[in-house]
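Colleague: Encoded as structure tokens, here's the structure I'll be asking about.
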Amino acid sequence: MPSVIADVLLVSPNSLIRPVCVEIDDAGKIGQVFEGHDPPPGSHVIFDGAGDTYLTAGFIDIHTHGANGFDLSDASLNAVETIAEAKLAEGVTTFLPTTWTATPGHTREMAVAAAAYRENQRFARTPFLHVEGPYLNPDQAGAQDVRYMRPPDLAEIEELNAICPVGLLSLAIERDGALELIGELRKRGIVTSAAHSAATYAEFVEARAAGLGHLTHYCNQMSGLHHREVGLVGGGLLDDNVMIELICDGIHLSPDMIRLAFKHRSIERLMLITDSMAASHLGDGTYPLHDGEIIVKDGAARIPAGNLAGSVVTFDEALRKAVKYTGLSLNEIVRTTGANQAKSLGLRDRGSIKQGLLADLTLLSPSLEVVAVYVGGEQRFSA
């Protein structure tokens, strides 16, 4: 007998929010979607939304370094498991563990830890590794460690990919060898993203022609918009097809900048991310960060020099702020929480609520707090 999530409000792009009951088959995939409040007679109801609980496709966070006291740079299975469990509480069913600029040996250790978790993905799923750095511009370092920044290296990415599949590489596109690497990775199905970069708009255009797909944490540590050189920020506004990561915490991007991005870019090209680090979920305080420390105060994480060091925003909080700042309807905004990420990374089995896709589902209260999360039809989080 198929399980049923009953009497929930379906939130899906290009569709009115409406009451439905969703069937989950024995393979952990979405079965039929029944209109109305009442499940089919004889159904095995595993969740009753009482008519006021939103149901969305599980959130996909493609850029997250850590959470709840652990970071991928800890390079341990326990660290990745802790992050994966914390992500469930945010409504995230798929995440990309994201590296930090480090030595080649340490970067390999991070890949090994992610690969170990992939052997038993008992919390959120992780199909790929996101490699952020080490091919960054030291002049746009932010909190990344300039000591370990180095030129693009295809052999290094191939080695990492052999350990744990790499789905996304963030790099400074103006570095020598970057265009060649972008082209080679495009052939291999690995998405590239401009990050920690001082590239000109002309260099952005060249990188796009080579296969660049994304802009990492838009506006942060990238060449800004100027009336005589529009840089990467201008590239994000001018290019109709580049995918844009947004940290909607009201700190990395002001509410006005978030409104500007949503107003002038197609919502099909925007992706919410957290860029979260170990202090996420822990509140204000001072915490270790690699071989240094960060100070979290009033929702902002900074190194002692004052640079922002990732974020402590949770994915569900980012969603709530995106809705608040833009005034857009929830069924429009949910494109940015999973559907766009899945499409960009070629994850055709998730990101939407359709028959035959994975039953990776997030249930939200009327105030958009996470109520429950299902991965493959199995409840893995309940508030």
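Colleague: Applying the selection to the stretch 46-72, what residues are farther than 30 Å from Gly36 by Cα, crowded, with 24+ Cβ neighbours inside 10 Å and in contact (Cβ under 8 Å) with a residue 60 or more places away in the chain?
Modeller: Matches in the stretch 46-72: Asp61, Ile62, His63, Thr64, His65, Gly66, Ala67, Asp71.
Colleague: Please enumerate the residues belonging to the stretch 241-261 that are outside any helix (DSSP H, G or I) and under 22 Å from Ala300 (Cβ atoms).
Modeller: Ile244, Glu245, Leu246, Ile247, Cys248, Asp249, Gly250, Ile251, His252, Leu253, Ser254
Colleague: Separate question: In this structure, does Ile244 turn out to be closer than 20 Å to Leu225 by Cβ, in the same structural domain as His63 (by TED's automatic domain parsing), in contact (Cβ under 8 Å) with a residue 12 or more places away in the chain and touching a His at 6+ places or on another chain (Cβ under 8 Å)?
Modeller: Here the answer is yes, as Ile244 does meet what is asked.
Colleague: State which residue is farthest from Gly213 (Cα to Cα) when the search covers only the stretch 135-163 and only residues that are under 22 Å from the mean Cα position of the chain (by Cα) and outside any loop (DSSP other than H, G, I, E, B).
Modeller: Taking the candidates together, the pick is Ile163.
Colleague: Continuing with this model, one more query. Are there any pairs with C-beta distances below 7 angstrom linking a residue in the stretch 12-38 that is assigned by TED's automatic domain parsing to the domain that holds Thr337 to a residue that is of a type in the set (Ser, Thr, Tyr) and part of a loop (DSSP other than H, G, I, E, B), with the two at least 6 apart or on different chains, and if so which?
Modeller: Listed by first residue and then by second, the contacts come to nothing, as the list is empty.
Colleague: Need at least 3 residues that are over 19 Å from the mean Cα position of the chain (by Cα) per element, so show me which strands (runs of 3 or more DSSP E) inside the stretch 268-329 make the cut, counting only ones lying wholly within it.
Modeller: Where strands (runs of 3 or more DSSP E) fall fully within the stretch 268-329 and carry at least 3 residues being over 19 Å from the mean Cα position of the chain (by Cα), they are 285-289, 292-297.
Colleague: Does the stretch 113-141 hold any residues that are in contact (Cβ under 8 Å) with a residue 40 or more places away in the chain and surrounded by fewer than 16 Cβ atoms within 10 Å (Cβ to Cβ), and which are they?
Modeller: Arg122, Asp139
Colleague: From the list Leu289, Leu253, pick out the single residue that is under 25 Å from Glu174 (Cβ atoms) and either at pLDDT 95 or above or not polar (S, T, N, Q) (or both).
Modeller: None of the others qualify; the one that does is Leu253.
To keep it simple, each residue is scored yes or no on (1) within 19 Å of His130 (Cβ to Cβ); (2) touching a residue at least 60 places away in the same chain (Cβ under 8 Å); (3) buried (at least 22 other Cβ atoms within 10 Å of the Cβ).
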residue	(1), (2), (3)
Ser266	no, no, no
Asp275	yes, yes, yes
Leu282	no, yes, no
Gly299	no, no, no
Leu308	yes, yes, no
Phe315	yes, yes, yes
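Colleague: Is the stretch 19-37 home to any residue that is in contact with a helix residue (DSSP H, G or I) (Cβ under 8 Å, 6 or more places away or on another chain) and not in a strand (DSSP E or B)? Walk me through it before giving the result.
Modeller: At the first step, the residues of the stretch 19-37 found to be in contact with a helix residue (DSSP H, G or I) (Cβ under 8 Å, 6 or more places away or on another chain) are none.
Within the stretch 19-37, not a single residue is in contact with a helix residue (DSSP H, G or I) (Cβ under 8 Å, 6 or more places away or on another chain) and not in a strand (DSSP E or B).
Colleague: Looking at Asp256 and the list (1) surrounded by fewer than 20 Cβ atoms within 10 Å (Cβ to Cβ); (2) acidic (Asp, Glu); (3) under 25 Å from Thr94 (Cα atoms), which single condition is not satisfied?
Modeller: (3)
Colleague: Do you know which of the residues in the stretch 3-18 that are assigned to a loop (DSSP other than H, G, I, E, B) and hydrophobic (A, V, I, L, M, F, W, C) is nearest to Ala372 (Cα to Cα)? Break it down into steps so the answer makes sense when it comes.
Modeller: The first filter runs over the stretch 3-18 and keeps only residues assigned to a loop (DSSP other than H, G, I, E, B), leaving 11-17.
Still in the list and also hydrophobic (A, V, I, L, M, F, W, C): 11, 16-17.
On the way: Val11: 15, Leu16: 22, Ile17: 19 Å.
Among those residues, the one meeting the criterion is Val11.
Colleague: Could you check the stretch 162-189 and list, in sequence order, the residues that are under 25 Å from Gly231 (Cβ atoms) and hydrophobic (A, V, I, L, M, F, W, C)?
Modeller: Leu168, Leu169, Leu171, Ala172, Ile173, Ala178, Leu179, Leu181, Ile182, Leu185
Colleague: Out of all the residues in the stretch 76-107, which are part of a helix (DSSP H, G or I), among the charged types (D, E, K, R) and crowded, with 18+ Cβ neighbours inside 10 Å?
Modeller: Answer for the stretch 76-107, where residues must be part of a helix (DSSP H, G or I), among the charged types (D, E, K, R) and crowded, with 18+ Cβ neighbours inside 10 Å: Glu81, Lys87.
Colleague: So how many residues does the stretch 315-334 have that are farther than 22 Å from Gln221 by Cβ and hydroxyl-bearing (Ser, Thr, Tyr)?
Modeller: The total comes to 2.
Colleague: Here's a check for you: in the stretch 4-16, which residue that is on the phi < 0 side of the Ramachandran plot and modelled with pLDDT of 95 or more is surrounded by the fewest Cβ atoms within 10 Å (Cβ to Cβ)?
Modeller: Leu10
Colleague: Mind checking which residues of the stretch 330-341 are of a type in the set (D, E, K, R) and within 15 Å of the chain's Cα centre (by Cα)?
Modeller: Here is the first cut: in the stretch 330-341, the residues of a type in the set (D, E, K, R) are 332, 335.
Within the stretch 330-341, Arg335 is the sole residue that qualifies.
Colleague: For the stretch 121-147, what are the residues that are within 19 Å of Cys219 (Cβ to Cβ) and touching a Phe, Trp or Tyr at 6+ places or on another chain (Cβ under 8 Å)?
Modeller: The answer is Glu132, Gly133, Gln144.
The values are calculated or read from the model by the stated rules, or taken from the named source; none is laboratory data. Note that the structure is a prediction, hence the values are computed from the model and not measured. Ideal geometry is used to build each Cβ from the backbone, glycine not excepted, and the neighbour counts take in all protein chains shown.
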